[in-house]
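The values are calculated or read from the model by the stated rules, or taken from the named source; none is laboratory data. Computed from a predicted model, the values in this text were never measured in an experiment. Here the Cβ is made from the backbone with ideal geometry for all residues, glycine too, and neighbour counts use every protein chain on show. Keep in mind that these areas ignore ligands, DNA and RNA; they rest on the heavy atoms of the full protein, side chains included. Shrake-Rupley method; radii C 1.70, N 1.55, O 1.52, S 1.80 Å.
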Amino acid sequence: MSRLGTLGARLYRGEVGYDFVAKRKIWYGISILITITAIVGLAVRGLNFGIEFSGGAVFTTPKTSVSAEAARKTAQDVSGHPAVVQKLGDKTLRVQVSDLTPEQSRKTQEALAKKLDVDLNKVNTDIVGPSWGDQIANKAWTGLAIFMILVVIYLAIAFEWRMAVAALIALIHDLTITVGVYALVGFEVTPGTVIGLLTILGYSLYDTVVVFDGLKESAKDLTKQTRFTYSEIANRSLNGTLVRSINTTVVALLPVAGLLFIGGGFLGAGMLNDISLALFVGLAAGAYSSIFIATPLVADLKEREPQMKALAKRVRARRAADAAKAEAGGAAQDREPSDADDDAPEDAPAGVVSQRRQSRGRGGRPSGKRG
């Protein structure tokens, strides 16, 4: 068995582990800091909506030797708006300009045709109105709201309402971080971004449900014992699924990283950035929230119940008693036994025992002379 497999087995059996739940205030602080940074980035920079949401025009050129940078400069100078140019595999160009009026679209088309030295009708133009983008955005928000409601209902029925609340907070945490990164990086928000956001919610929820399922099984008849508190059981369940969560996250991140860094970065396939960035950031944030946010939140909520408070009190009392016994046993072992102690009664004063020791000589006989 590999070292990782051995570690996973030892974590599952509780032989080793890291106390995630006990250090929950540290994780909460880190999450709050990251979330505030994402919100500030969103408020200051805002989201760079693509033409599907803001409206605009997409120009597709025939084969050309004109560089993408030259076409971008031409479209941007004529329209007065930022342009995004992508060079396609057949040496054609796709020029995208947001917030264009029909008149501006016509002028941009003419300028591109002149720059490429082709007929005007060979530069295809697709105009997207902002009303269509509003419909897409409204449907996305509706789908997200329905998803959240169904998640809360399912988790409340399958587990309990505290787990449903913790999972909902973790999902909102993941969405906020992902949207904030989009604002800070400046990538365009397209329908592909929406698809990526909805996809990461499923991955994040999967990891959380795996931990919750193990916690539900471990917490059965918890109040009938006095060895572990609820937080300790939650931490054991989290450690038991830790390697599995890490493995699934790494396996999911590898192809997404290929799309983002190789496809979008080195190969220049900018269209891949829309969905790959949302997936990459969302998967990483989902793995973090399932380990450091969701389970500690459940433990916090459960420890406020009267039954769990009473259980924690009994556990502390038992451990104090066990510690006292261990200390008393260690003191008894350190004490050297003697024949005089055996002869003295259990309740004999210490002075009697001392006198009997002094009155004995070698071999355990009295040291006085015969009369």
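General observations
- Whichever residue in segment 156-212 is part of a helix (DSSP H, G or I) and aromatic (Phe, Trp, Tyr) and, among such residues, is surrounded by the fewest Cβ atoms within 10 Å (Cβ to Cβ): TRP161
- Residues satisfying the stated conditions in segment 126-155, i.e. assigned to a helix (DSSP H, G or I) and of a type in the set (D, E, K, R): ASP134, LYS139
- Qualifying residue in segment 70-84 (condition: open to solvent by 40 Å² or more (accessible area, probe 1.4 Å), under 39 Å from the mean Cα position of the chain (by Cα) and small (Gly, Ala, Ser)): no
- Of all positions in segment 269-279, none carries a residue that is surrounded by 18 or more Cβ atoms within 10 Å (Cβ to Cβ) and over 30 Å from ASN138 (Cα atoms).
- Selection of first residues in segment 159-181 that are free of Cβ contacts under 8 Å to residues at least 60 places away in the same chain and of second residues that are of a type in the set (Phe, Trp, Tyr) and buried (at least 24 other Cβ atoms within 10 Å of the Cβ), restricted to Cβ pairs under 8 Å at least 6 apart or on distinct chains, gives the following pairs, ordered by first then second residue: PHE159/PHE212.
- Qualifying residue in segment 230-237 (condition: within 22 Å of ASP174 (Cα to Cα), open to solvent by less than 60 Å² (accessible area, probe 1.4 Å) and within 14 Å of the chain's Cα centre (by Cα)): no
- For segment 299-313, the criterion of being more than 19 Å from ASP174 (Cβ to Cβ), modelled with pLDDT under 85 and not aliphatic (A, V, I, L, M) is met by no residue.
- Scanning segment 222-246 for residues that are part of a helix (DSSP H, G or I) and free of Cβ contacts under 8 Å to residues at least 24 places away in the same chain turns up LYS224, ILE233.
- Check on ARG106, open to solvent by 30 Å² or more (accessible area, probe 1.4 Å), over 29 Å from ASP174 (Cβ atoms) and without any contact (Cβ under 8 Å) to a residue 24 or more places away in the chain: yes
- Filter result for PRO82 (without any contact (Cβ under 8 Å) to a residue 60 or more places away in the chain and not charged (D, E, K, R)): yes
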